Amino acid sequence: MERLFCLPAWMSLIYTLDLIGTFVFAISGLRLAAKKEMDLFGATVVAFVTAVGGGTTRDILIGSTPVSWMQDIAYPIAILAALPFTLVFKKYIVNLKRTFFIFDTIGIALFTISGMQKGLMFDLHPSLAMVMGMVSATVGGVIRDILCNEIPLIFRKEIYATACLLGALVYYLLDAYSSLNSNYSYLITVSVIISIRILSIKFHWSLPKMK
Amino acid sequence: MERLFCLPAWMSLIYTLDLIGTFVFAISGLRLAAKKEMDLFGATVVAFVTAVGGGTTRDILIGSTPVSWMQDIAYPIAILAALPFTLVFKKYIVNLKRTFFIFDTIGIALFTISGMQKGLMFDLHPSLAMVMGMVSATVGGVIRDILCNEIPLIFRKEIYATACLLGALVYYLLDAYSSLNSNYSYLITVSVIISIRILSIKFHWSLPKMK
Amino acid sequence: MERLFCLPAWMSLIYTLDLIGTFVFAISGLRLAAKKEMDLFGATVVAFVTAVGGGTTRDILIGSTPVSWMQDIAYPIAILAALPFTLVFKKYIVNLKRTFFIFDTIGIALFTISGMQKGLMFDLHPSLAMVMGMVSATVGGVIRDILCNEIPLIFRKEIYATACLLGALVYYLLDAYSSLNSNYSYLITVSVIISIRILSIKFHWSLPKMK
């Protein structure tokens, strides 16, 4: 998404990873659609919405339109590519659960950071920029679940959105108060988000329930 | 919706048909609301959302705000008119299923074209303009189904959105590569969409399911 | 929300009441989330969406972005404050049903008026400004119910949105055709909305159902 702006060379890594995140999110949409026995079209829509829903919501709230995936055809292509990929490799996708978990988490981490950057770029209060980071990372999954008529997963399970928020906080602190190269801030943030998620699953962390 | 721009005379036909499409979509919303035993207010809201949901989503994604039905009071009036109409003619509406199918399909075809035109006007990539056409035609029905707590129909049945996409493709090709008067491109597109829909129902075409 | 514009002194009362409305709406979100056994994060999101969903929808439809709660950190703070408040006073909140009904109704009345004012400020047709008032007051609750996988309450029960619409009409008439100080128009409108709601519950008024 940041392709629109003049970018330093290392950002092309983010761009590539952002596209991978989009691709992986699309696959997660396709999996739920398959479980719900949707047809190919419905599945494609769910894949699309899962992949771009977060960034789109962020852009609409901020007022940055046309929304980003409309300005860079690479995103729609990454999503459409997920369909044949999933159909061809479906046997492996089921088995590669762990691999996808890693990619999915990387995707979330990336979307958190790029979403937060966009928020800061639009002069939002830092805490709201963090919220925009979390929105970018999680809303796609929420809309996916609503389209499939389920209570959104993130409201029920796992330290998921919380990991995004903490990652966003780390990124903001590093960015504002350290003299680290943004490259490193970036790597640290991604590591924090991935670590929290892995630990939370390993040790069955969960937030207390409302009662 | 295109009333805002300077229009050739034949476009007033589109405008009229667009209003009819809005009216027919509103009725489809009222029918589902009645099935769900909503009260008059809830039914009106569902009618409204069904009729304008697609165009509104398109406008928000593109960044064309205030959204179009807010700039032309004729649209809200067409929707509100559907309520007494439905109450008075309810016996016929049930029997006139076939008539409404035709109108509904015309509505979808019209919304596809006007949505796509708006996308092109905002300099979107042609493939994204086609998606905007499909969004204009189908999202209203999706929101209607979500409000009524059902898995959106278009994810489950019928070559429906696919017809819109194919129609949009035909329209684009005619518009870009033929010297046809847009009047004719328009008629051909509508015919294509209607034909696909009728044939798909007659011969029980459906897209393969994800598994 | 109107803080952005130059305000007469009495408006700070509206601003305060608007924040209270936000706070009370957040609590209503927390209550439903608790019933659905969501975790603290999910509950916070539902609270947020319930409180700002209406105003956000209005701002997006009108094209007033970044949406208002992003421009005034007091709104997010009012929402977050609802969480510890609800946890500490949960025993009382259940018993104070009547108190909360009053606050909730005041919140709706306030959101109706401020939403309508914003619509008029953006030169919408008065009838559409009224719709924007109703949208501001009711959409938050609708999204709350969708997130919790229920058919939105306002489609099923109570003269609720209707009270908003009638209140908006009264406010508009007073504003356009009387020489009353807007302070009084305001009080009268709030009283009308509250009265309709109380009477409708007391006498079991409801709109006829669609059939």
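The values are calculated or read from the model by the stated rules, or taken from the named source; none is laboratory data. All of these numbers come straight from a predicted model, not from anything done at the bench. Neighbour counts run over all protein chains shown; Cβ positions are idealised from the backbone, glycine included.
Taking every residue in the stretch C:190-211 that is closer than 30 Å to B:Ile27 by Cβ and pairing it with any residue that is in a loop (DSSP other than H, G, I, E, B) and among the basic types (Lys, Arg), at least 6 positions away or on another chain, the pairs with Cβ-Cβ distances below 9 Å are C:Ser206/C:Lys157; C:Met210/B:Lys36. Taking the criterion of being in contact with a Gly (Cβ under 6 Å, 6 or more places away or on another chain) and of a type outside the set (Val, Ile, Thr), the residues of the stretch A:112-136 that qualify are A:Gly115, A:Met116, A:Ala129, A:Met132, A:Gly133, A:Ser136. Determine whether B:Ile77 is within 30 Å of B:Lys202 (Cα to Cα), of a type in the set (Val, Ile, Thr) and either at pLDDT below 90 or out of contact with any helix residue (DSSP H, G or I) (no Cβ under 6 Å at 6 or more places or on another chain) (or both). Here the answer is no, as B:Ile77 does not meet what is asked.
Does the stretch C:79-91 contain at least one residue that is crowded, with 18+ Cβ neighbours inside 10 Å and either more than 19 Å from the chain's Cα centre (by Cα) or over 19 Å from A:Ser127 (Cβ atoms) (or both)? For the stretch C:79-91, residues crowded, with 18+ Cβ neighbours inside 10 Å and either more than 19 Å from the chain's Cα centre (by Cα) or over 19 Å from A:Ser127 (Cβ atoms) (or both): present. For the stretch A:31-40, the condition holds for no residue, the condition being that it is under 12 Å from the mean Cα position of the chain (by Cα) and farther than 23 Å from B:Ile159 by Cβ.
Looking at C:Met134, C:Met116, just one residue is closer than 24 Å to C:Phe203 by Cβ and part of a helix (DSSP H, G or I), and that residue is C:Met134. Scoring C:Asn149 on the criteria (1) more than 24 Å from A:Ile146 (Cα to Cα); (2) touching an Asp or Glu at 6+ places or on another chain (Cβ under 9 Å) leaves a single failure, condition (1).
Among the residues making up the stretch B:175-191, a single one is surrounded by 19 or more Cβ atoms within 10 Å (Cβ to Cβ) and not hydroxyl-bearing (Ser, Thr, Tyr): B:Val190. Of the residues making up the stretch C:181-211, those that are at pLDDT below 80 and away from every other protein chain (no Cβ under 14 Å) number 3. Apart from one condition, A:Leu40 fits all of (1) more than 16 Å from B:Thr57 (Cβ to Cβ); (2) modelled with pLDDT of 90 or more; the exception is (2). Say we look at the stretch C:80-113 and pick out the residues that are at pLDDT 85 or above and polar (S, T, N, Q); which of these is farthest from C:Thr44 (Cα to Cα)? Within the stretch C:80-113, the match that is farthest from C:Thr44 (Cα to Cα) is C:Thr112.
Residues in the stretch A:21-60 that are charged (D, E, K, R), part of a helix (DSSP H, G or I) and surrounded by fewer than 24 Cβ atoms within 10 Å (Cβ to Cβ): 2 in all. For the stretch C:61-77, a residue qualifies if it is outside any loop (DSSP other than H, G, I, E, B), facing another protein chain (nearest Cβ under 8 Å) and farther than 18 Å from C:His125 by Cβ, and the qualifying residues are C:Met70, C:Pro76.
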